[in-house]
Amino acid sequence: MFDQSSIIITRYHINTDKTSASLRVALIADLHNKEFGTDNIELIEKIKSEKPDIIAMSGDMVTEGVDDYSVIVTLTKQLVQVAPVYYTYGNHELYFDNNAEFKQSLIDTGAILLNNEMVTYNCKNGEQIIIGGLKQYPFYEYDAPDFDNDEALFFKKFLEAQQNNFSLLLCHYPEAYKWKLHSFDIDLMLAGHTHGGIVRLPFVGGLYSPNQGWFGEYDKGYFDGDTADMIVTSGLGNSKPIPRFNNPPEVCIITIN
């Protein structure tokens, strides 16, 4: 139960009438500079064996206050050889937000950095899907209501662009779904941040999730809303001294068809 080095695969199947394409997504988050074998070879091989079409990194791959980010750069260089990598910031990456070298190092790996940006992905059958990355919660700025910040402006464009195409929204924060995003038309949001509640109790779930508190509702798993769906990964590492319990490192494999 205290095993912090054996990676599990959690599988999800999403059915949609917005695309006839079949897409396999590997979702990872919250590595926090952890290594699974030399240069993360065990993590790379685990993902590679699943043959994903794309790899989504939903933030906190680094740790605030640790200026050495070589672990994530080395990992991403290898993962782009497996499949296209789409990366959005978590709260820990914001520590590096004004670090031009950090951003350029990520871009130089070949990953597509999505901070309030979106791109189209061409599926094997010729159809396109929209992949967007939301940097922070879009309706607050410095803890005050604000519907005109960069995140809100991007989110509006994203919603317009994905009306006729299946879309993936990379957003680190599942509490954003809880607060407001669940009420919008989002095909699938991919989140992390919670570390699965750190300690998971049988029949109860995660003990504590950031910004959700004790026994947070959106700590791990698939959430099917009226208009918006979300998958939250429990992630791979930890930024706190409290060890993960009954909560092994996780890679999510999501099949969309």
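The values are calculated or read from the model by the stated rules, or taken from the named source; none is laboratory data. Everything quoted here is computed from the prediction, not taken from an experiment. Here the Cβ is made from the backbone with ideal geometry for all residues, glycine too, and neighbour counts use every protein chain on show. Just so you know, the surface numbers come from the protein's heavy atoms only, side chains and all, with ligands and any DNA or RNA stripped out. Shrake-Rupley method; radii C 1.70, N 1.55, O 1.52, S 1.80 Å.
Listed by position, the strands (runs of 3 or more DSSP E) enclosed by the range 147-257 include none that has at least 3 residues that are among the polar types (S, T, N, Q) and in contact (Cβ under 8 Å) with a residue 40 or more places away in the chain. Is it fair to say I107 is without any contact (Cβ under 8 Å) to a residue 60 or more places away in the chain, closer than 19 Å to G133 by Cα, among the β-branched types (V, I, T) and open to solvent by 70 Å² or more (accessible area, probe 1.4 Å)? Criteria met by I107.
Scanning the range 168-202 for residues that are buried (at least 24 other Cβ atoms within 10 Å of the Cβ) and of a type in the set (S, T, Y) returns Y173, Y177, T194. Specify the residue that is modelled with the highest pLDDT; the eligible residues are those in the range 63-84 that are among the charged types (D, E, K, R) and in contact with a Ser or Thr (Cβ under 8 Å, 6 or more places away or on another chain). It comes out as K77.
Here is the figure for the range 221-241: residues that are closer than 25 Å to L75 by Cα and at pLDDT below 95 total 5.
State all residues of the range 44-71 that are over 15 Å from Y87 (Cβ atoms) and either among the hydrophobic types (A, V, I, L, M, F, W, C) or open to solvent by 30 Å² or more (accessible area, probe 1.4 Å) (or both); if no residue qualifies, say none. I44, E45, K46, K48, S49, K51, E64, G65, V66, D67, D68, S70 - these are the residues of the range 44-71 that are over 15 Å from Y87 (Cβ atoms) and either among the hydrophobic types (A, V, I, L, M, F, W, C) or open to solvent by 30 Å² or more (accessible area, probe 1.4 Å) (or both).
Of (1) within 21 Å of K220 (Cβ to Cβ); (2) more than 15 Å from the chain's Cα centre (by Cα); (3) open to solvent by 10 Å² or more (accessible area, probe 1.4 Å), Y95 satisfies all except one. Which? Just one mismatch for Y95, condition (1). Only a single criterion out of (1) of a type in the set (S, T, N, Q); (2) in a loop (DSSP other than H, G, I, E, B); (3) over 15 Å from G237 (Cα atoms); (4) under 19 Å from the mean Cα position of the chain (by Cα) is not satisfied by N33, namely (3). Please go through (1) touching a strand residue (DSSP E or B) at 6+ places or on another chain (Cβ under 6 Å); (2) open to solvent by 70 Å² or more (accessible area, probe 1.4 Å); (3) of a type in the set (K, R) for K157 and return the number of the only condition it doesn't satisfy. Every listed condition holds for K157 apart from (1). Residues in the range 169-208 that are among the hydrophobic types (A, V, I, L, M, F, W, C) and closer than 20 Å to Y89 by Cβ: L169, L170, C171, A176, W179, L181, I186, L188, M189, L190, A191.
Condition (residue is under 19 Å from A26 (Cβ atoms) and more than 14 Å from the chain's Cα centre (by Cα)) applied to the range 171-182: is it met by at least one residue? No, because not a single residue in the range 171-182 is under 19 Å from A26 (Cβ atoms) and more than 14 Å from the chain's Cα centre (by Cα). Across the range 78-91, what is the number of residues that are of a type outside the set (A, V, I, L, M, F, W, C) and either under 11 Å from I47 (Cα atoms) or over 13 Å from the mean Cα position of the chain (by Cα) (or both)? Adding up the residues that qualify gives 3.
Close contacts from the range 3-21, counting a first residue that is closer than 22 Å to N238 by Cα and of a type in the set (F, W, Y) and a second that is open to solvent by 60 Å² or more (accessible area, probe 1.4 Å) and outside any loop (DSSP other than H, G, I, E, B), with Cβ to Cβ under 6 Å and a gap of 6+ residues or different chains, come to none at all.
Can you confirm whether the range 203-213 contains a residue that is at positive phi, open to solvent by 10 Å² or more (accessible area, probe 1.4 Å) and under 18 Å from the mean Cα position of the chain (by Cα)? Checked the range 203-213: at least one residue is at positive phi, open to solvent by 10 Å² or more (accessible area, probe 1.4 Å) and under 18 Å from the mean Cα position of the chain (by Cα).
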